[in-house]
Structures are given as structure tokens and as C-alpha cells.
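Take a look at the structure below.
The values are calculated or read from the model by the stated rules, or taken from the named source; none is laboratory data. Since this is a predicted model, take the numbers as computed values, not measurements. Cβ atoms come from the backbone with ideal geometry, glycine included; neighbour counts cover every protein chain shown. Surface accessibility is based on the protein's heavy atoms, side chains included, excluding ligands, DNA and RNA. Shrake-Rupley method; radii C 1.70, N 1.55, O 1.52, S 1.80 Å.
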Amino acid sequence: MTSSSSASNAPRFSRITGTGSMLPPRRVTNAELAAELAGRGVETSDDWIVARTGIHARHFAAPDVNSSDLAVQAARHALEAAGRHADEIDLIIVATSTPDMVFPSTACIVQQKLGVQGCAAFDLQAVCSGFVYALTVADSMIRSGAASKALVIGAEVFSRILDFNDRGTCVLFGDGAGAVVVEASDQPGILASDLHADGRHVDILCVPGHVSGGQVQGSALLKMDGQAVFKLAVGVLEAAARAVLAKAGRQDADIDWLIPHQANIRIMEGTARKLKLPLEKLIATVGEHGNTSAASIPLALDHAIRSGRIQRGDTLMLEGVGGGFTWGAVLVDL
Ligand code: ACO
């Protein structure tokens with residue numbers, strides 16, 4: 001065996017080398033939202049929203065701002081943190097349920113806005129599990145040699161698909177984007193992944209409309225059976241976390257930080273308790289961001305890194321759960 005072929009057979013891993021995020025500037029508190037909803041005859045309160053969800057505020061994008069605009073800003077911050085230029089990237093994956101267009105993909109629009117061309121670019125649709133799915137796909141493509149430097153982005157404008165006459169859902173969600181640069185490495189960074197879906201639960205969380213005859217047929221607004229989602233989420237998040245720990249040969253105590261999908265503080269704290277993690281190890285940004293679906297995990301990750309809580313070398317448990325029904329976990333050494 002020649003030295004070059006043995007080098008090409010060396011184990012190849014992927015690592016996160018930079019993170020970035022973007023929130024639209026308009027911050028809407030519960031009190032402001034409650035006042036707007038009152039104008040429609042929809043009754044809610046700051047007390048109810050905080051007690052049931054932990055959410056205090058969310059950000060809403062201006063009408064002319066799309067997922068790709070937030071994604072590009074997050075991507076630029078991640079590239080800067082990684083010390084990379086957009087033209088070095090050979091793969092762009094955008095996890096989103098609120099794409100700019102039916103097609104082409106938001107990833108192609110992001111590529112164009114970054115001023116580069118040629119690299120592979122596609123969207124991934126797994127609703128609130130989108131980021132853990134996208135990170136797993138990027139890791140697999142990097143380890144197989146299909147890519148070397150990937151931009152993995154979660155970006156959403158969920159405010160566009162909210163029914164502001166449904167107080168059970170419209171108070172929960174917000175807009176934003178988070179991004180990571182993932183690069184090939186001879187040292188393991190992404191340690192293990194565990195992804196699942198159960199299509200029997202399509203109806204408990206969906207936007208059921210579809211395009212036909214040049215128009216949206218059916219409702220293009222989010223519908224959720226909150227209690228059904230809640231019950232499923234707690235169980236599957238614990239199982240997925242245990243599965244990735246087993247795959248990576250690690251224990252609960254090896255987790256430095258738990259970064260779950262930011263949907264509801266009660267689900268997040270329940271997951272931490274099941275993993276016997278002190279709540280100080282839980283990264284929670286849902287209070288300020290609301291549920292930003294596929295953007296929530298990379299947004300929370302970037303905020304925790306930039307605030308100095310998460311440090312290079314820490315072990316992170318990332319966990320997503322959402323429509324589909326989909327769920328999954330990724331264990332990362334940063
Ligand atoms: N303000 C005031 N009252 C409200 C509101 C509101 N915003 N929303 C609902 N209520 C009322 C209901 O009408 C009901 O009143 P009633 O008893 O008179 O009928 C009462 O509050 C209780 O409603 P529930 O739906 O039972 O409230 P629950 O405690 O289940 O909380 C919630 C609802 C917050 C949605 C919860 O079920 C939840 O968090 N579910 C999980 C959601 C989630 O995690 N989604 C993640 C996936 S998101 C994705 O993939 C896109």
C-alpha cells in the first residue's frame with residue numbers, strides 16, 4: 001500500500017468550526033402580542049404564555065424578509081467565526097419549513113446571495129428536527145468524501161404560517177436563523193447521530209395546504225394538537241439521547257450541555273431531568289426566541305458560544321423533535 005493510499009484510508013470525521021445566527025430586529029413581547037390579539041377578539045396573557053411555555057418574547061421578520069435573508073446573515077457570521085470564505089464551501093444545506101419559494105430551494109437562493117456558485121445546495125424538510133437531520137446528512141457526506149466544508153443552516157419565518165386567530169399556536173413561534181460550518185477533520189467532532197420519523201402522526205402538527213392549479217388549496221396555516229405533541233416529545237427525546245450516547249460509548253455525565261429544540265421549557269426541563277442533568281447544563285433560549293423550528297438549535301448554540309458559556313472541547317447533546325412526526329439527536333465534541 002502506498003503512503004498516499006494509506007493517507008486516503010485514514011479515518012475521516014467532521015467538526016463544527018464556526019457558528020452564526022440572525023434574529024430579525026422586531027422583538028414582540030407577550031404583552032404586545034396579547035394586545036394585538038385582543039384587537040381580533042383573541043384572549044391571551046403574558047402569565048398564561050410564560051407559565052405554559054417559558055416564552056417571554058419572539059422576533060418577527062418584516063414582510064419583505066424571507067428565510068434566505070436570515071439564513072445568509074447567519075451563514076456570514078458562521079463563516080467569519082470559522083475563518084472561511086463562502087467560495088471555500090462545497091455543500092450548503094438549509095433546513096426549513098418556510099422556504100422562500102416552492103422551488104428552487106432556499107439553499108440555492110442562499111448560495112446566490114453569498115455570491116458563490118458550483119457547490120451542492122439543497123433544502124431539507126424535517127420541520128423542527130430539520131437541523132439535526134441536516135447536520136447528520138452533512139456529517140455523512142463529509143465522512144464519505146462527498147464534501148469537505150459544509151454550511152448547515154436552519155432558517156424560518158414561521159410568522160408567515162401562523163393563524164393569529166388560534167391562541168393555542170400563534171403565541172408559540174418566532175422567526176430566525178442559525179448556521180454552522182462543518183469541516184472534514186482527522187479528529188472526531190460529530191460523534192454519533194440517531195434520527196427517526198413516525199408518519200402515523202402527520203396530522204398532529206401540520207400545514208395541510210398544497211399548491212394546485214396555481215393556488216394554495218386548503219389551509220396554509222399551522223395546525224397543532226399541542227397535548228399530543230407534548231406527550232410524544234418527552235419520551236422520544238430521552239430515547240434518542242440514550243441512543244446516541246450508546247453509539248458514541250459515552251455516559252449521561254459526559255454531556256456538558258444539552259441543547260434541545262426550543263419549543264417549550266417544560267419539555268426541555270423534563271428531558272434534562274430524565275438524563276439526570278442539572279438544569280444549569282440546559283441551554284434555553286426559548287424565553288427570548290420562541291419556537292423558531294429548524295433554526296432553534298443553531299440559534300441557541302451560537303448564542304451560548306458567543307456568550308462564553310459553551311467552550312471549544314465541550315460535549316454537546318443536540319436534540320430535535322417536530323412535525324412528521326420526526327425526532328433525533330446528535331452528540332458533538334466541539
Ligand atoms: N392563552 C390563554 N389560554 C390559552 C392559550 C393562550 N395562548 N392557548 C390555549 N389556551 C387555553 C385553552 O383554550 C384551554 O382552555 P380550556 O381549558 O378553557 O379549554 C386551556 O388554555 C388549556 O389548553 P391546553 O391546550 O390543554 O394547554 P396545554 O397545557 O396543553 O399547553 C401548549 C398548550 C403550550 C401548546 C402545550 O401543549 C405544548 O407546549 N405542546 C407542545 C408543543 C410543541 O412542543 N411543539 C413542538 C413542535 S413544533 C414543530 O415541529 C413545528
Item to check | So Val94, is it aliphatic (A, V, I, L, M), open to solvent by 20 Å² or more (accessible area, probe 1.4 Å), at pLDDT 95 or above and within 16 Å of Gly176 (Cα to Cα) | outcome: no
Checklist entry - Taking the stretch 273-288, which residues are open to solvent by less than 10 Å² (accessible area, probe 1.4 Å) and either within 16 Å of Ser129 (Cβ to Cβ) or at pLDDT 95 or above (or both)? => result Ile283, Val286
Next on the checklist: I'd like the full set of residues that are over 19 Å from Phe173 (Cβ atoms) and among the acidic types (Asp, Glu), limited to the stretch 213-269.
Outcome noted: Glu238, Asp252, Asp254, Asp256, Glu269
Checklist entry - Can Val236 be described as under 21 Å from Ile297 (Cα atoms) and touching a Ser or Thr at 6+ places or on another chain (Cβ under 7 Å)? => result no
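Yes or no, residue by residue, for (1) more than 12 Å from the ligand (Cβ to nearest atom); (2) part of a loop (DSSP other than H, G, I, E, B):
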site	(1), (2)
Ala107	yes, no
Gln112	yes, no
Gly115	yes, yes
Cys128	no, no
Phe131	no, no
Checklist entry - Could we say that Ile142 is more than 12 Å from the ligand (Cβ to nearest atom) and either open to solvent by 10 Å² or more (accessible area, probe 1.4 Å) or not basic (Lys, Arg) (or both) here? => result yes
Checklist entry - Which one of Leu172, Leu221, Leu232, Leu151 is within 14 Å of the ligand (Cβ to nearest atom), within 21 Å of Thr292 (Cβ to Cβ) and buried (at least 20 other Cβ atoms within 10 Å of the Cβ)? => result Leu172
Item to check | Criterion (in a loop (DSSP other than H, G, I, E, B), surrounded by fewer than 17 Cβ atoms within 10 Å (Cβ to Cβ) and at pLDDT 95 or above) met by exactly one of Glu80, Glu43, Glu36, Glu32 | outcome: Glu43
Checklist entry - Can you tell which of Leu245, Leu232, Leu205 is touching a strand residue (DSSP E or B) at 6+ places or on another chain (Cβ under 6 Å) and of a type outside the set (Ser, Thr, Tyr)? => result Leu205
Checklist entry - So Leu299 fits all but one of (1) of a type in the set (A, V, I, L, M); (2) more than 16 Å from the ligand (Cβ to nearest atom); (3) outside any strand (DSSP E or B); what number is the exception? => result (2)
Checklist entry - Does the stretch 313-331 include one or more residues that are within 15 Å of the ligand (Cβ to nearest atom) and of a type in the set (Ser, Thr, Tyr)? => result yes
Item to check | Near pairs, Cβ below 6 angstrom, 6+ apart or cross-chain, from the stretch 105-128 (more than 18 Å from Met141 (Cα to Cα)) to any residue that is assigned to a loop (DSSP other than H, G, I, E, B) and more than 16 Å from the ligand (Cβ to nearest atom) | outcome: Thr106/Asp100; Ile109/Asp100
Checklist entry - If you take the residues in the stretch 160-212 that are touching a helix residue (DSSP H, G or I) at 6+ places or on another chain (Cβ under 8 Å) and hydroxyl-bearing (Ser, Thr, Tyr), which one is farthest from Arg58 (Cα to Cα)? => result Ser193
Checklist entry - What do you reckon, is Ser105 farther than 27 Å from Gly145 by Cβ and either at pLDDT below 95 or crowded, with 19+ Cβ neighbours inside 10 Å (or both)? => result no
Item to check | The lone exception for Leu195 - which of (1) in the same structural domain as Ala86 (by TED's automatic domain parsing); (2) open to solvent by 40 Å² or more (accessible area, probe 1.4 Å) it fails | outcome: (1)
Checklist outcome for this item: Within the stretch 129-139, the count of residues that are under 18 Å from Val202 (Cα atoms) and open to solvent by 10 Å² or more (accessible area, probe 1.4 Å) comes to 1
Next on the checklist: When you check Ala248 against the structure, is it small (Gly, Ala, Ser), outside the structural domain of Ala126 (by TED's automatic domain parsing), within 11 Å of the ligand (Cβ to nearest atom) and open to solvent by less than 60 Å² (accessible area, probe 1.4 Å), yes or no?
Outcome noted: no
